[in-house]
Amino acid sequence: MEDREISDILIRWYEENKRDLPWRRTSDPYLVWISEIILQQTRVVQGLEYFNRFTERFPNVAALAMADEDEVMKYWQGLGYYSRARNLHAAAKSMNGVFPKTYPEVLALKGVGEYTAAAQQIMNDFDGVFPRTREEVLSLRGIGDYTAAAICSFAYRLPYATVDGNVFRVLARLFDVDLPIDGGEGKKYFTALAQSLLDERRPDLFNQAMMEFGALQCVPKSPDCECCPLNGKCLGLAARRVERLPVKSGKTVVKPRYFNYLYIHGQGMTLLSKRTGNDIWRNLYEFPLIETERAVTWEELSGMAVFQELFDGIEKVEITREYVAKKHVLSHRVIYPVFYEIRVDSFSECMGKYLKVPDNRVGEYAVSRLIQSYLEVRDGLLF
């Protein structure tokens, strides 16, 4: 009875306070999928613009699957976590134009090997139809427990609780739980706790209510507990521990990296490089890069062998601007970037490995948020 009462209070609060958002007005699993991936990495205010732009260009699975990866990355530009965009694109290609309709099917696409097998399974066993069960949804590449539960509850009204950062915070305070939310034991405990509270008659409303409650009412800092409809049931409030919950186990060790970007242009052309490898910026474009072990001056950089080789044989090399950008923080890295704008009268043989792009078309290429921020500053958008 207590669990049902909490659920009813949350849903009533949600119906009175919810924000009008486009992904809440649809049960299309594709649109739910896109919204959940976007909202995992940005706030609703920022994510709304990206959602509208992305879904206007790619309104369904077929449109996304048929698109070129460079175009997909361009529409994702600025959101970060570019591997998620690549996973979206790869998963869409595997669906044969139709979103899976079972939870097990959606769960199938994770690693490349598993993804290939799961795509074959969807084609052979599910006739290209988007999975409808949790297990099937989890098989989709780039989809974990949270996103699978969101798709299945919002699109299909299946009884699976979604547990994101907002839900962790609400549950930790409501039940005064000090298990670290970033540890395996804590995640299992909170997932089971959310599932025990779930209103199986209205799983979609319950999950939306929990997340919205954490986003608007039970906020990280200085929540308004006096006006909270659950204040009479909140064990964390009774114990005066609200501000200390939820608990995290510790901070991630962050490694500094020093990037020296060379914005080389001449004869109406600019040099770009397409990143390879398996890092988060794979297949995005950037300027020629020299990474150093520490911050260096222009004199030190231009004296390095790799720099000398790059500009070998060029008569006129003129540095027109040096811009020290703000540090760029990633999950396990802090990048300290410096941009050097360099005008040349010709291009060296060594520069042949780079892509030559007309100056007025640089903005058409998908770049990281770091490069995008520099281009905006350079164009005077942020002055």
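Read-outs: derived from the displayed coordinates by stated rules, not from any lab. Note that the structure is predicted; figures quoted are calculated from it, not measured. All Cβ positions, glycine included, derive from the backbone under ideal geometry; neighbour counts span all protein chains shown.
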**Item:** Longest DSSP-loop-exposure-free segment, trypsin sites (Lys or Arg not before Pro), the chain, at most 13 other Cβ within 10 Å
**Value:** 44-200
**For region 200-299: relative contact order, % (alpha-carbon pairs under 8 angstrom, 6 or more apart)** = 19
**Request:** Taking every Cα atom in region 20-83, find the radius of gyration and the maximum pairwise distance Dmax, and write them in Å.
**Result:** 11.2, 32
**Prompt:** Measuring from the lowest to the highest alpha carbon on each principal axis, how far does region 175-219 reach, largest first, in angstroms?
**Reply:** 28, 24, 16
**Distant-in-sequence amide H partners of Ile342 (H built 1.01 Å from N, under 5 Å)** = Tyr263, Ile264, His265, Thr320
**Prompt:** What does the charge count near Val344 come to, summing +1 for each Lys or Arg and -1 for each Asp or Glu among other residues with Cβ under 15 Å from its Cβ?
**Reply:** -4
**Asked** Given H placed on each backbone N at 1.01 Å, which residues far from Thr270 in sequence or on other chains put an amide H within less than 5 Å of it?
**Response** Val357, Asp359
**Asked** Here are some pairs, Lys316/Lys356; Lys274/Lys356; Lys255/Lys353; Lys93/Lys353; which of them have Cα atoms lying more than 22 Å apart in this structure?
**Response** Lys255/Lys353; Lys93/Lys353
**Fill in**
Set Lys221/Lys327; Lys18/Lys326; Lys18/Lys74, cut-off 29 Å on Cα-Cα distance; pairs above it are Lys18/Lys326; Lys18/Lys74
**Prompt:** Cross-link partners among aspartates and glutamates for Lys248, C-alpha distance below 15 Å, same-chain residues fewer than 8 apart left out?
**Reply:** Asp164, Asp176, Asp178, Asp182, Glu185
**Fill in**
Summed over the other residues with a beta carbon less than 13 angstrom from that of Gly236, with K and R at +1 and D and E at -1, the charge totals +3
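Write down Rg/Rh for region 255-378, rounded to two decimals, with Rg from the C-alpha atoms and Rh from the Kirkwood relation over Cα pairs.
Looking at region 255-378, the ratio lands at 0.93.
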**Asked** Once you sort the root eigenvalues of the Cα gyration tensor of the chain as a ≥ b ≥ c, which label holds: rounded (a/c under 1.5), prolate (a/b larger than b/c) or oblate (the other case)?
**Response** prolate
**Message:** From the phi angles alone, apply the Karplus equation (6.51, -1.76, 1.60; θ = phi - 60°) to region 299-312 and give each ³J(HN,Hα) in whole Hz, x where the residue is Gly or Pro.
**Reply:** 4, 5, 5, 5, x, 6, 4, 5, 6, 4, 5, 5, 9, 4
**Message:** What does the charge count around Arg321 come to, taking other residues whose C-beta lies under 10 Å from its C-beta (Lys +1, Arg +1, Asp -1, Glu -1)?
**Reply:** 0
**Prompt:** So what is the relative contact order for region 1-82, in percent, with contacts set as C-alpha pairs under 8 Å and at least six apart?
**Reply:** 25
**Complete:** Computed over the chain, the relative contact order (Cα-Cα under 8 Å, seq sep at least six) in percent reads 15
